[in-house]
Every structure is written in structure tokens, then in C-alpha cells.
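Have a look at the structure below, then the notes.
Read-outs throughout are calculated quantities, based only on the coordinates presented, and are distinct from any laboratory measurement. For clarity, every value in this text was computed on a predicted model and none was experimentally measured. Virtual Cβ from ideal backbone geometry, glycine too; neighbours counted across all protein chains shown.
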Amino acid sequence: MKKRIKVGVLISGTGTNLRALIDASRAVDYPAEIVLVISNKSDAEGIKWATQANIPTKVIKHETFKTREEFDEQLSNELVAFNCELVCLAGFMRILSENFVNKWPNRIINIHPSLLPSFTGREVHTRVIAAGVRISGCTLHYVTPELDSGPIIAQAAVPVLIEDTPKDLAARVLQQEHKIYPLGLAIIASRLAERSGEKTRKYLEKVGEVLINF
Ligand code: GRF
């Protein structure tokens, strides 16, 4: 079996994307393994998915640190202690400091519930509906110091229906997040994609037709 990339996942809440990544990584040929899950909230529901899968978990409460930088340093230290090579943000509700991002260059990825660069930030689905947008979706992207703006790795689109509430739309988008996150992580871990300036360069012809349009 090929060496699998060691991944640390950061969460704050429900952790359904974490669950999707854990499920995908159960396949013997999946190119990444989750070696650590960190939550900044002790009551994050998502911790249970890691515990059930025997993945080590850490709770690092941001409010116990004086500064963002000190909190981020602790995060980084834990990730290093577990030999993480890549960091996946999965509903992690903290903005990471420039220091942290620079310590992990091109090695942090995030899933965002809109078609970036539209609708960065929070309360996305409410704003999408209020704007009358007809197509929304999700974006997997590299994390750069500027919020929700790094190179796009993968996107999936979903329709916004007239009668949608933010909750309905969130659920439809989330289904797609659970597909593109494991796929996107797989292509990065297999080195079939890498950051190239402001874009992500892909070498998907190597893996056949299914992923060519991914
Ligand atoms: C997802 O919608 C993700 O796009 C956003 O936070 C939410 C996390 O959901 N960044 P979950 O905790 O993975 O269920």
C-alpha cells in the first residue's frame, strides 16, 4: 500500500464533513488518513465521529488563550506532534492568523458553502436566498490569509428553489460538500493537484475520465 498523507481535521460543530472524510478514508486505497481531530468547542457534536473511528481528538478552547496567535500556535504544535502533513478545515469557525497560514503553506484546505468568490463569510444561505440567486453550491479551496479567498480546488453547484429556506438550501449544499471534500482531498493527497499561484493546477488526465471534469 502507498504511503498515506497524514491529515489533521479542525472542527467546531456538527462535523458531517469530518464524517464524510472519515468514511472515505476507510477505503484501503484512499491516499489520506486522518490522524487527529481538533475542536475548539468541547461540545462539538463532530467529536463523536472521530471517537467512533478511534481517531485521537483534542479540544483546544480558543477562549482560554489571550490572543489568536497563541491559540493558533497551540493548534500548530498539536498538528506537528501528530506529524500532520495537511490540515483540513471542516466547519472550523475560527479565522486563522497569518502566522498559522504561513506555517502551513499550501497545506490547509477548507470547504465553504457557496460558489466562491461569491458569498464569503457567514450566514451564506440566508444571503444567497435574499439576493435571489438561482444557483448556489460549495467550494473546496486552499486557505490563504484572506478569508474564503484561496485558490479553488473543486466546486459543485445546486439549484436554489423558490420555496427554499436557508435550512433547505444548507442541506442540499451539504450533500455536495460531502462529495467534493473527500474527492478533493484525494486528488491533493495523490499529488494530482497542487496550488499554482492563484489557481489550482490539476493533472487529472492521469486518473481517467471520471475525474477529468472535477
Ligand atoms: C459546512 O456547511 C461548511 O461548508 C462550513 O461549515 C459547515 C460545516 O458543517 N464551513 P459540518 O460541521 O461539516 O456538518
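Values for this structure:
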{"read-out": "Identity of the residue in segment 124-138, under 17 Å from the mean Cα position of the chain (by Cα) and without any contact (Cβ under 8 Å) to a residue 40 or more places away in the chain, that ends up surrounded by the fewest Cβ atoms within 10 Å (Cβ to Cβ)", "value": "124"}
{"read-out": "Residue list for segment 139-168, filter: among the charged types (D, E, K, R) and surrounded by 12 or more Cβ atoms within 10 Å (Cβ to Cβ)", "value": "148, 164, 168"}
{"read-out": "Positions within segment 96-123 being surrounded by fewer than 19 Cβ atoms within 10 Å (Cβ to Cβ) and touching a Phe, Trp or Tyr at 6+ places or on another chain (Cβ under 7 Å), in sequence order", "value": "106"}
{"read-out": "Neighbours by Cβ (under 6 Å, 6+ apart or cross-chain): first from segment 154-177, under 15 Å from residue 126 (Cβ atoms); second away from the ligand (no atom under 12 Å from the Cβ) and among the polar types (S, T, N, Q)", "value": "166/126"}
{"read-out": "Unmet requirement for residue 131, which otherwise passes all of (1) away from the ligand (no atom under 14 Å from the Cβ); (2) closer than 30 Å to residue 74 by Cβ", "value": "(2)"}
{"read-out": "Complete set of residues in segment 44-68 that are of a type outside the set (Lys, Arg) and surrounded by fewer than 13 Cβ atoms within 10 Å (Cβ to Cβ)", "value": "51, 52, 54, 63, 64, 67"}
{"read-out": "Every residue from segment 95-127 that is under 22 Å from residue 22 (Cα atoms) and within 11 Å of the ligand (Cβ to nearest atom)", "value": "110, 111, 112, 113"}
{"read-out": "Residue match in segment 43-50 (condition: hydrophobic (A, V, I, L, M, F, W, C), more than 17 Å from residue 84 (Cβ to Cβ), more than 15 Å from the ligand (Cβ to nearest atom) and out of contact with any helix residue (DSSP H, G or I) (no Cβ under 9 Å at 6 or more places or on another chain))", "value": "no"}
{"read-out": "Given (1) surrounded by fewer than 19 Cβ atoms within 10 Å (Cβ to Cβ); (2) under 23 Å from residue 175 (Cα atoms); (3) more than 16 Å from the ligand (Cβ to nearest atom), number of the condition residue 3 does not satisfy", "value": "(2)"}
